C-alpha cells in the first residue's frame, strides 16, 4: 500500500520535470494547429512550396476566406510566416520541424 507521504514526495519529484505553464500553453496552441483538417491541408500544401492565399484556395479547393482565416490561426500559432512581394503575400512553414511533427503523427497512425 502506498502511503500519502510517498505520494507527496513523488509529486514533488515529478513537478521538477514538468514544463512551465507558459510552455504547456504554447504546446497546446501548437498542437491545436494540427487539430483541424483544413489547417492540416494548408500545412501539407506549404510543405511543398510557399504559396499565396489564391494558390492555396485553388489547389486545395477551399474558399479564400476560409484559407485566410486558417492562415491567421497558423500564423498566431507560429506554424507559418509570410513575406510580401509587391501586392502578394506568400505564406510558408516557419520551420522544418512542422513537417517532422506531421510525419510523426502519420507514423503513429500507421502503427
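No value in this document is a laboratory result; all are computed from the given coordinates. All values derive from a computational prediction rather than experimental measurement. Here the Cβ positions follow ideal geometry from the backbone for every residue, glycine too, while neighbour counts run over all protein chains shown.
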**Complete:** Note: among 29, 40, 24, just one is out of contact with any strand residue (DSSP E or B) (no Cβ under 7 Å at 6 or more places or on another chain) and in contact (Cβ under 8 Å) with a residue 60 or more places away in the chain, namely 40
**Request:** Find all pairs meeting these conditions: Cβ atoms under 8 angstrom apart; at least six residues apart or on different chains; first residue within region 90-102 and on the phi < 0 side of the Ramachandran plot and in contact (Cβ under 8 Å) with a residue 60 or more places away in the chain; second residue in a helix (DSSP H, G or I) and crowded, with 16+ Cβ neighbours inside 10 Å.
**Result:** 102/43
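What about residue 73, is it surrounded by 14 or more Cβ atoms within 10 Å (Cβ to Cβ), closer than 23 Å to residue 104 by Cβ, touching a helix residue (DSSP H, G or I) at 6+ places or on another chain (Cβ under 8 Å) and in contact (Cβ under 8 Å) with a residue 60 or more places away in the chain?
Spelling it out, it is not the case that residue 73 is surrounded by 14 or more Cβ atoms within 10 Å (Cβ to Cβ), closer than 23 Å to residue 104 by Cβ, touching a helix residue (DSSP H, G or I) at 6+ places or on another chain (Cβ under 8 Å) and in contact (Cβ under 8 Å) with a residue 60 or more places away in the chain.
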**Message:** Looking at 57, 28 in this structure, which one is part of a helix (DSSP H, G or I) and in contact with a helix residue (DSSP H, G or I) (Cβ under 7 Å, 6 or more places away or on another chain)?
**Reply:** 57
